[in-house]
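The values are calculated or read from the model by the stated rules, or taken from the named source; none is laboratory data. Predicted, not measured: the structure shown is a model, and the values here were computed from it. Here Cβ is always computed from backbone atoms with ideal geometry, including for glycine, and neighbour counts include all displayed protein chains.
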Amino acid sequence: MGLGRSEKRQMEEERVNLEWSLPVPSVQELVRQGQPDALPPSYVRDDVAPADHSPESSQGLPCIDLGKLMDPSSQSTELHNLHSACHQWGLFLLVNHEVSDEGMRLMKENVPGFFKLPYHEKQKSAQRPGSLEGYGQAFVTSHEQKLDWNDMIFLKCLPSHARNLDMWPQNPPKFRIALDKYSEDLRKVAVAVVKYIGMALGTHEGELELLMKSFWEGRYEVRMNYYPPCPEPERAMGLSPHSDNSGITMLMECGNMPGLQVLSRDGRWVTVPPVPGSIVVNLGQIMEIYSNGTYRAPDHRAVVNKEKERVSIVTFCYPSPSLPVGPSPQLLAATGLTPLFQTLSHSEYLQRFYNRKLDDVAPFISTLKL
Ligand SMILES: O=C(O)CCC(=O)C(=O)O
Ligand SMILES: [Fe+2]
(Lines give C-alpha, C1' and ligand atoms only; values in the text may rest on other atoms or scores of the structure.)
(Ligands and ions follow the chains in the order given, each with its own letter.)
Protein backbone atom coordinates (compact mmCIF):
# COMPACT_ATOMS: atom_id res chain seq x y z
CA MET A 1 0.00 0.00 0.00
CA GLY A 2 1.37 3.42 -0.96
CA LEU A 3 1.77 6.25 1.50
CA GLY A 4 -0.75 9.10 1.48
CA ARG A 5 0.51 12.59 0.58
CA SER A 6 0.55 13.91 4.15
CA GLU A 7 2.25 10.80 5.50
CA LYS A 8 4.90 11.12 2.81
CA ARG A 9 5.44 14.76 3.72
CA GLN A 10 5.75 13.93 7.39
CA MET A 11 8.29 11.24 6.61
CA GLU A 12 10.28 13.68 4.51
CA GLU A 13 10.25 16.31 7.23
CA GLU A 14 11.48 13.84 9.80
CA ARG A 15 14.46 12.82 7.67
CA VAL A 16 16.39 16.01 8.24
CA ASN A 17 19.87 14.82 7.42
CA LEU A 18 20.64 15.60 3.77
CA GLU A 19 23.19 12.87 3.27
CA TRP A 20 20.64 11.03 1.14
CA SER A 21 18.42 11.92 -1.80
CA LEU A 22 15.04 10.80 -3.11
CA PRO A 23 15.29 8.82 -6.33
CA VAL A 24 14.25 10.87 -9.36
CA PRO A 25 13.90 9.91 -13.03
CA SER A 26 17.07 9.91 -15.11
CA VAL A 27 16.99 13.00 -17.33
CA GLN A 28 19.05 11.18 -19.92
CA GLU A 29 16.34 8.49 -20.07
CA LEU A 30 13.58 11.12 -20.41
CA VAL A 31 15.41 12.47 -23.42
CA ARG A 32 16.22 9.05 -24.85
CA GLN A 33 12.60 7.88 -24.61
CA GLY A 34 11.59 10.67 -26.98
CA GLN A 35 12.79 14.20 -26.72
CA PRO A 36 9.89 16.14 -25.16
CA ASP A 37 9.10 19.38 -27.05
CA ALA A 38 8.43 21.19 -23.82
CA LEU A 39 10.04 20.88 -20.45
CA PRO A 40 8.23 18.55 -18.01
CA PRO A 41 6.73 20.78 -15.26
CA SER A 42 9.06 19.62 -12.49
CA TYR A 43 12.02 21.02 -14.46
CA VAL A 44 10.51 24.47 -15.11
CA ARG A 45 12.50 26.74 -12.81
CA ASP A 46 10.27 29.64 -11.94
CA ASP A 47 11.77 29.32 -8.42
CA VAL A 48 15.16 30.70 -9.53
CA ALA A 49 16.03 33.63 -11.75
CA PRO A 50 15.90 32.47 -15.37
CA ALA A 51 19.16 31.18 -16.77
CA ASP A 52 20.82 34.00 -18.65
CA HIS A 53 22.06 32.60 -21.91
CA SER A 54 23.88 35.69 -22.98
CA PRO A 55 25.89 36.16 -19.81
CA GLU A 56 28.68 38.60 -19.22
CA SER A 57 31.88 38.02 -21.12
CA SER A 58 34.41 35.82 -19.38
CA GLN A 59 37.22 38.28 -20.14
CA GLY A 60 38.09 39.15 -16.55
CA LEU A 61 38.28 35.58 -15.26
CA PRO A 62 41.70 34.85 -13.78
CA CYS A 63 44.09 32.21 -15.07
CA ILE A 64 46.80 30.90 -12.75
CA ASP A 65 49.94 29.07 -13.92
CA LEU A 66 51.11 26.42 -11.43
CA GLY A 67 54.52 26.32 -13.15
CA LYS A 68 54.98 30.03 -12.43
CA LEU A 69 54.05 29.49 -8.78
CA MET A 70 56.70 26.78 -8.50
CA ASP A 71 59.43 28.81 -10.24
CA PRO A 72 61.21 31.10 -7.73
CA SER A 73 61.76 33.77 -10.41
CA SER A 74 58.01 34.19 -11.09
CA GLN A 75 56.54 33.06 -7.78
CA SER A 76 55.88 36.36 -6.09
CA THR A 77 54.07 37.86 -9.11
CA GLU A 78 51.95 34.74 -9.53
CA LEU A 79 51.16 34.63 -5.79
CA HIS A 80 49.90 38.17 -6.12
CA ASN A 81 47.67 37.08 -9.06
CA LEU A 82 46.45 34.10 -7.03
CA HIS A 83 45.59 36.33 -4.07
CA SER A 84 43.53 38.65 -6.22
CA ALA A 85 41.85 35.67 -8.01
CA CYS A 86 40.80 34.14 -4.68
CA HIS A 87 39.63 37.48 -3.32
CA GLN A 88 37.77 38.75 -6.38
CA TRP A 89 36.34 35.52 -7.76
CA GLY A 90 37.16 32.54 -5.54
CA LEU A 91 37.62 30.77 -8.87
CA PHE A 92 40.35 30.54 -11.51
CA LEU A 93 41.48 28.50 -14.48
CA LEU A 94 44.59 26.52 -13.60
CA VAL A 95 47.12 25.78 -16.34
CA ASN A 96 50.45 23.93 -16.28
CA HIS A 97 48.92 21.92 -13.47
CA GLU A 98 50.65 18.55 -13.80
CA VAL A 99 47.56 16.34 -13.70
CA SER A 100 48.95 13.72 -16.08
CA ASP A 101 47.71 13.72 -19.68
CA GLU A 102 47.11 10.00 -19.22
CA GLY A 103 44.85 10.56 -16.17
CA MET A 104 42.86 13.25 -17.98
CA ARG A 105 42.57 11.23 -21.18
CA LEU A 106 41.37 8.12 -19.34
CA MET A 107 38.68 10.11 -17.53
CA LYS A 108 37.56 11.93 -20.69
CA GLU A 109 36.99 8.56 -22.33
CA ASN A 110 35.55 6.54 -19.49
CA VAL A 111 33.19 9.00 -17.79
CA PRO A 112 31.25 9.87 -20.98
CA GLY A 113 31.56 6.13 -21.77
CA PHE A 114 29.73 5.31 -18.53
CA PHE A 115 26.84 7.66 -19.34
CA LYS A 116 26.55 6.13 -22.84
CA LEU A 117 25.83 2.69 -21.36
CA PRO A 118 22.27 1.33 -21.27
CA TYR A 119 20.27 2.47 -18.25
CA HIS A 120 20.12 -1.01 -16.67
CA GLU A 121 23.93 -1.16 -16.76
CA LYS A 122 24.32 2.22 -15.04
CA GLN A 123 21.71 1.18 -12.48
CA LYS A 124 24.20 -1.39 -11.16
CA SER A 125 25.83 1.62 -9.46
CA ALA A 126 22.53 3.23 -8.42
CA GLN A 127 22.45 5.20 -5.15
CA ARG A 128 21.14 3.21 -2.24
CA PRO A 129 18.73 4.59 0.36
CA GLY A 130 20.53 6.63 3.00
CA SER A 131 23.56 7.49 0.87
CA LEU A 132 24.59 10.06 -1.73
CA GLU A 133 27.14 7.77 -3.28
CA GLY A 134 26.42 6.24 -6.68
CA TYR A 135 24.40 7.00 -9.82
CA GLY A 136 21.43 9.29 -9.10
CA GLN A 137 20.88 12.78 -7.73
CA ALA A 138 21.74 14.88 -4.65
CA PHE A 139 19.62 17.08 -2.39
CA VAL A 140 16.18 16.00 -3.60
CA THR A 141 14.16 15.87 -0.40
CA SER A 142 10.59 16.33 -1.55
CA HIS A 143 8.41 15.00 -4.34
CA GLU A 144 7.24 18.55 -5.02
CA GLN A 145 10.74 19.92 -5.41
CA LYS A 146 11.94 21.44 -8.69
CA LEU A 147 14.59 19.31 -10.33
CA ASP A 148 17.90 19.95 -12.05
CA TRP A 149 18.45 18.89 -15.68
CA ASN A 150 21.29 16.61 -14.62
CA ASP A 151 22.23 13.01 -13.92
CA MET A 152 25.33 12.24 -11.91
CA ILE A 153 27.47 9.56 -10.37
CA PHE A 154 29.19 10.45 -7.10
CA LEU A 155 32.03 8.33 -5.70
CA LYS A 156 34.40 8.57 -2.75
CA CYS A 157 37.98 8.12 -4.00
CA LEU A 158 40.53 8.96 -1.30
CA PRO A 159 41.71 7.93 1.18
CA SER A 160 41.53 4.60 -0.60
CA HIS A 161 40.07 2.82 2.43
CA ALA A 162 36.99 5.10 2.11
CA ARG A 163 36.18 3.68 -1.34
CA ASN A 164 32.98 1.70 -1.65
CA LEU A 165 34.15 -0.36 -4.60
CA ASP A 166 30.80 -2.09 -4.96
CA MET A 167 29.48 1.29 -6.16
CA TRP A 168 32.32 1.78 -8.67
CA PRO A 169 31.23 0.84 -12.20
CA GLN A 170 33.02 -2.14 -13.75
CA ASN A 171 31.89 -0.97 -17.13
CA PRO A 172 33.48 0.66 -19.16
CA PRO A 173 36.27 -1.77 -18.25
CA LYS A 174 38.85 0.98 -17.62
CA PHE A 175 36.54 3.20 -15.54
CA ARG A 176 38.06 2.11 -12.23
CA ILE A 177 41.65 2.44 -13.45
CA ALA A 178 40.83 5.92 -14.73
CA LEU A 179 39.29 7.12 -11.48
CA ASP A 180 42.07 5.62 -9.41
CA LYS A 181 44.80 7.31 -11.48
CA TYR A 182 42.98 10.62 -11.80
CA SER A 183 42.23 10.95 -8.09
CA GLU A 184 45.84 10.21 -7.14
CA ASP A 185 47.06 12.80 -9.67
CA LEU A 186 44.55 15.31 -8.50
CA ARG A 187 45.52 15.00 -4.86
CA LYS A 188 49.11 16.02 -5.66
CA VAL A 189 47.90 19.08 -7.54
CA ALA A 190 45.33 19.97 -4.86
CA VAL A 191 48.03 19.92 -2.15
CA ALA A 192 50.20 22.23 -4.29
CA VAL A 193 47.28 24.59 -4.97
CA VAL A 194 46.38 24.71 -1.28
CA LYS A 195 50.03 25.42 -0.40
CA TYR A 196 50.09 28.46 -2.68
CA ILE A 197 46.66 29.63 -1.52
CA GLY A 198 48.03 29.46 2.04
CA MET A 199 51.15 31.41 0.99
CA ALA A 200 49.07 34.00 -0.86
CA LEU A 201 47.13 34.49 2.37
CA GLY A 202 50.33 34.93 4.38
CA THR A 203 50.42 31.51 6.09
CA HIS A 204 53.92 30.18 6.72
CA GLU A 205 56.05 27.50 8.35
CA GLY A 206 54.28 25.14 10.75
CA GLU A 207 50.76 26.13 9.78
CA LEU A 208 51.45 25.89 6.05
CA GLU A 209 52.87 22.41 6.52
CA LEU A 210 49.87 21.41 8.59
CA LEU A 211 47.54 22.70 5.88
CA MET A 212 49.36 20.70 3.19
CA LYS A 213 49.51 17.57 5.30
CA SER A 214 45.82 17.76 6.09
CA PHE A 215 44.92 18.05 2.39
CA TRP A 216 47.22 15.13 1.63
CA GLU A 217 45.42 13.03 4.23
CA GLY A 218 42.00 14.47 3.39
CA ARG A 219 38.97 13.26 1.48
CA TYR A 220 38.60 13.36 -2.30
CA GLU A 221 35.11 12.79 -3.67
CA VAL A 222 34.30 12.92 -7.36
CA ARG A 223 30.95 13.96 -8.82
CA MET A 224 30.60 13.22 -12.52
CA ASN A 225 27.82 15.28 -14.10
CA TYR A 226 25.87 14.52 -17.29
CA TYR A 227 23.69 17.31 -18.71
CA PRO A 228 21.61 16.10 -21.69
CA PRO A 229 20.45 18.54 -24.39
CA CYS A 230 17.37 20.34 -23.12
CA PRO A 231 14.26 21.31 -25.15
CA GLU A 232 13.84 24.65 -23.31
CA PRO A 233 17.24 25.51 -21.84
CA GLU A 234 16.31 29.04 -20.80
CA ARG A 235 13.58 27.71 -18.47
CA ALA A 236 15.68 24.93 -16.90
CA MET A 237 18.74 24.71 -14.68
CA GLY A 238 21.50 22.11 -15.06
CA LEU A 239 22.64 22.55 -11.48
CA SER A 240 21.03 25.07 -9.12
CA PRO A 241 23.13 27.92 -7.74
CA HIS A 242 25.22 26.82 -4.76
CA SER A 243 28.63 27.12 -3.20
CA ASP A 244 30.64 24.02 -2.34
CA ASN A 245 31.22 22.83 1.23
CA SER A 246 34.70 21.55 0.31
CA GLY A 247 38.16 23.02 0.91
CA ILE A 248 38.71 23.46 -2.80
CA THR A 249 36.94 21.97 -5.83
CA MET A 250 38.62 21.09 -9.13
CA LEU A 251 36.51 20.76 -12.28
CA MET A 252 37.51 19.23 -15.58
CA GLU A 253 35.38 19.61 -18.70
CA CYS A 254 35.03 16.57 -20.98
CA GLY A 255 34.24 18.57 -24.12
CA ASN A 256 33.92 22.07 -25.45
CA MET A 257 30.33 22.83 -24.43
CA PRO A 258 30.18 25.71 -21.91
CA GLY A 259 27.78 25.43 -18.95
CA LEU A 260 29.50 26.48 -15.73
CA GLN A 261 28.74 30.03 -14.58
CA VAL A 262 30.13 31.87 -11.57
CA LEU A 263 28.54 34.80 -9.73
CA SER A 264 30.80 37.87 -9.75
CA ARG A 265 31.15 40.12 -6.70
CA ASP A 266 28.77 42.59 -8.33
CA GLY A 267 26.10 39.96 -8.94
CA ARG A 268 26.59 39.00 -12.62
CA TRP A 269 26.59 35.39 -13.84
CA VAL A 270 29.76 34.90 -15.86
CA THR A 271 30.38 31.86 -18.08
CA VAL A 272 33.57 29.94 -17.34
CA PRO A 273 34.74 28.83 -20.79
CA PRO A 274 36.06 25.32 -21.35
CA VAL A 275 39.78 25.73 -22.03
CA PRO A 276 41.41 22.50 -23.26
CA GLY A 277 43.94 21.11 -20.80
CA SER A 278 42.97 23.49 -17.98
CA ILE A 279 41.26 22.73 -14.69
CA VAL A 280 38.80 25.11 -13.03
CA VAL A 281 39.55 25.59 -9.33
CA ASN A 282 36.96 27.09 -7.04
CA LEU A 283 37.25 27.65 -3.33
CA GLY A 284 34.82 25.91 -1.02
CA GLN A 285 33.41 27.18 2.24
CA ILE A 286 36.20 25.63 4.34
CA MET A 287 38.74 27.91 2.60
CA GLU A 288 36.47 30.95 2.81
CA ILE A 289 36.32 30.35 6.57
CA TYR A 290 40.07 29.62 6.79
CA SER A 291 40.79 32.95 5.07
CA ASN A 292 38.42 34.68 7.52
CA GLY A 293 36.34 35.89 4.57
CA THR A 294 39.29 37.36 2.61
CA TYR A 295 38.72 34.73 -0.08
CA ARG A 296 35.34 33.67 -1.46
CA ALA A 297 33.57 30.37 -1.95
CA PRO A 298 31.66 31.71 -4.95
CA ASP A 299 28.12 30.83 -5.91
CA HIS A 300 28.12 28.95 -9.18
CA ARG A 301 25.64 27.00 -11.28
CA ALA A 302 25.41 25.01 -14.50
CA VAL A 303 23.16 26.03 -17.38
CA VAL A 304 22.13 23.70 -20.18
CA ASN A 305 21.73 24.02 -23.93
CA LYS A 306 19.58 22.68 -26.73
CA GLU A 307 22.29 21.29 -28.97
CA LYS A 308 24.59 18.96 -27.17
CA GLU A 309 25.15 17.06 -23.94
CA ARG A 310 27.84 18.21 -21.52
CA VAL A 311 29.92 16.12 -19.11
CA SER A 312 31.91 17.64 -16.23
CA ILE A 313 34.10 15.89 -13.65
CA VAL A 314 34.15 17.63 -10.31
CA THR A 315 36.50 16.69 -7.45
CA PHE A 316 35.71 17.96 -3.97
CA CYS A 317 38.91 18.15 -1.90
CA TYR A 318 38.55 18.24 1.88
CA PRO A 319 41.26 18.56 4.54
CA SER A 320 41.68 15.76 7.04
CA PRO A 321 38.91 15.55 9.63
CA SER A 322 41.54 16.23 12.29
CA LEU A 323 41.91 19.85 11.10
CA PRO A 324 39.31 22.08 12.76
CA VAL A 325 37.23 24.25 10.40
CA GLY A 326 37.91 27.86 11.36
CA PRO A 327 39.89 31.01 10.54
CA SER A 328 43.67 30.59 10.25
CA PRO A 329 45.26 31.32 13.66
CA GLN A 330 48.37 32.77 11.93
CA LEU A 331 46.27 35.06 9.78
CA LEU A 332 44.36 36.38 12.80
CA ALA A 333 47.58 36.88 14.77
CA ALA A 334 49.37 38.64 11.90
CA THR A 335 46.52 40.95 10.94
CA GLY A 336 44.92 41.53 14.33
CA LEU A 337 41.57 40.89 12.66
CA THR A 338 38.72 39.55 14.76
CA PRO A 339 37.52 36.11 13.68
CA LEU A 340 34.38 36.33 11.55
CA PHE A 341 33.54 32.64 11.83
CA GLN A 342 33.27 30.06 14.59
CA THR A 343 35.87 27.30 14.75
CA LEU A 344 34.20 23.89 14.64
CA SER A 345 35.42 20.33 14.51
CA HIS A 346 35.27 18.93 10.99
CA SER A 347 32.49 16.53 11.94
CA GLU A 348 30.36 19.27 13.48
CA TYR A 349 30.85 21.43 10.38
CA LEU A 350 29.62 18.59 8.16
CA GLN A 351 26.78 17.74 10.50
CA ARG A 352 25.56 21.33 10.37
CA PHE A 353 25.89 21.36 6.57
CA TYR A 354 23.90 18.18 6.06
CA ASN A 355 21.27 19.31 8.55
CA ARG A 356 20.82 22.77 7.03
CA LYS A 357 17.41 23.76 5.75
CA LEU A 358 17.35 23.75 1.96
CA ASP A 359 14.74 26.49 1.82
CA ASP A 360 16.67 28.77 4.17
CA VAL A 361 17.27 32.07 2.38
CA ALA A 362 20.49 32.78 4.29
CA PRO A 363 23.52 31.02 2.78
CA PHE A 364 24.79 28.14 4.93
CA ILE A 365 28.15 29.83 5.63
CA SER A 366 26.43 32.84 7.19
CA THR A 367 25.03 30.54 9.88
CA LEU A 368 28.64 29.95 11.03
CA LYS A 369 29.35 33.66 11.49
CA LEU A 370 30.17 34.97 14.94
O1 LIG B 1 29.09 20.96 -13.95
C2 LIG B 1 29.34 22.09 -13.57
O3 LIG B 1 29.72 22.98 -14.33
C4 LIG B 1 29.17 22.49 -12.13
C5 LIG B 1 29.28 21.34 -11.19
C6 LIG B 1 29.27 21.73 -9.75
O7 LIG B 1 29.28 22.87 -9.39
C8 LIG B 1 29.22 20.67 -8.72
O9 LIG B 1 29.12 19.46 -9.08
O10 LIG B 1 29.29 21.03 -7.51
FE1 LIG C 1 29.70 23.07 -7.23
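Tell me the residue from 247, 202, 198, 238 that is touching a helix residue (DSSP H, G or I) at 6+ places or on another chain (Cβ under 8 Å), within 16 Å of ligand 2 (Cβ to nearest atom) and among the small types (Gly, Ala, Ser), please.
On the way: 202 fails: within 16 Å of ligand 2 (Cβ to nearest atom); 198 fails: within 16 Å of ligand 2 (Cβ to nearest atom); 238 fails: touching a helix residue (DSSP H, G or I) at 6+ places or on another chain (Cβ under 8 Å).
One residue alone meets the criteria, 247.
I want to confirm something. Restricting to region 291-305 and keeping residues that are within 16 Å of residue 226 (Cβ to Cβ) and either without any contact (Cβ under 8 Å) to a residue 24 or more places away in the chain or assigned to a loop (DSSP other than H, G, I, E, B) (or both), which single residue is farthest from ligand 2 (Cβ to nearest atom)?
Here the residue is 305.
Out of (1) loosely packed, with under 13 Cβ neighbours inside 10 Å; (2) free of Cβ contacts under 8 Å to residues at least 12 places away in the same chain; (3) touching a helix residue (DSSP H, G or I) at 6+ places or on another chain (Cβ under 9 Å), what's the single condition that is false for residue 75?
With respect to (1) loosely packed, with under 13 Cβ neighbours inside 10 Å; (2) free of Cβ contacts under 8 Å to residues at least 12 places away in the same chain; (3) touching a helix residue (DSSP H, G or I) at 6+ places or on another chain (Cβ under 9 Å), residue 75 is out only on (1).
List, please: which pairs have Cβ atoms under 7 Å, are six or more places apart or on different chains, and start with a residue in region 165-185 that is among the β-branched types (Val, Ile, Thr) and end with one that is not in a loop (DSSP other than H, G, I, E, B)?
From residues that are among the β-branched types (Val, Ile, Thr), the pairs are 177/106.
Pairs please, first residue from region 114-141 and on the phi > 0 side of the Ramachandran plot, second anywhere and assigned to a helix (DSSP H, G or I), Cβ atoms under 8 Å, 6+ apart in sequence or on different chains.
Filtered contacts from region 114-141: 134/125; 134/167.
In the list 348, 288, which residue meets the criterion of being in a helix (DSSP H, G or I) and buried (at least 21 other Cβ atoms within 10 Å of the Cβ)?
Numbers: 348 fails: buried (at least 21 other Cβ atoms within 10 Å of the Cβ).
Within the list 348, 288, the selection yields 288.
Would you please name the residue that is surrounded by the fewest Cβ atoms within 10 Å (Cβ to Cβ), looking only at residues in region 256-268 that are of a type in the set (A, V, I, L, M, F, W, C) and more than 9 Å from ligand 1 (Cβ to nearest atom)?
The residue in question is 257.
I need the full set of residues from region 226-254 which are in contact with a Pro (Cβ under 7 Å, 6 or more places away or on another chain), of a type outside the set (Ser, Thr, Tyr), within 13 Å of ligand 1 (Cβ to nearest atom) and assigned to a loop (DSSP other than H, G, I, E, B), in order please.
Residue satisfying the conditions is 254 alone.
Consider only pairs whose beta carbons are under 8 Å apart and that are at least six residues apart or on different chains; among these, list those whose first residue lies in region 311-325 and is more than 18 Å from residue 189 (Cα to Cα) and among the β-branched types (Val, Ile, Thr) and whose second residue is within 16 Å of ligand 1 (Cβ to nearest atom) and part of a loop (DSSP other than H, G, I, E, B).
Hits for this filter: 311/254; 311/255.
Could you figure out which of (1) under 30 Å from residue 77 (Cα atoms); (2) assigned to a loop (DSSP other than H, G, I, E, B) isn't true of residue 215?
Unmet for residue 215, out of (1) under 30 Å from residue 77 (Cα atoms); (2) assigned to a loop (DSSP other than H, G, I, E, B): (2).
Restricting to region 269-280, and then to whatever is surrounded by 21 or more Cβ atoms within 10 Å (Cβ to Cβ) and in contact with a Ser or Thr (Cβ under 7 Å, 6 or more places away or on another chain), can you tell me which residue is farthest from residue 159 (Cα to Cα)?
Per the criteria, the residue is 270.
Which of the residues spanning region 261-285 are among the aliphatic types (A, V, I, L, M), within 23 Å of residue 151 (Cβ to Cβ) and assigned to a loop (DSSP other than H, G, I, E, B)?
272 - this is the single residue of region 261-285 that is among the aliphatic types (A, V, I, L, M), within 23 Å of residue 151 (Cβ to Cβ) and assigned to a loop (DSSP other than H, G, I, E, B).
Among the residues of region 220-242, which ones are within 17 Å of residue 283 (Cα to Cα) and at pLDDT 95 or above?
Result: 220, 221, 222, 223.
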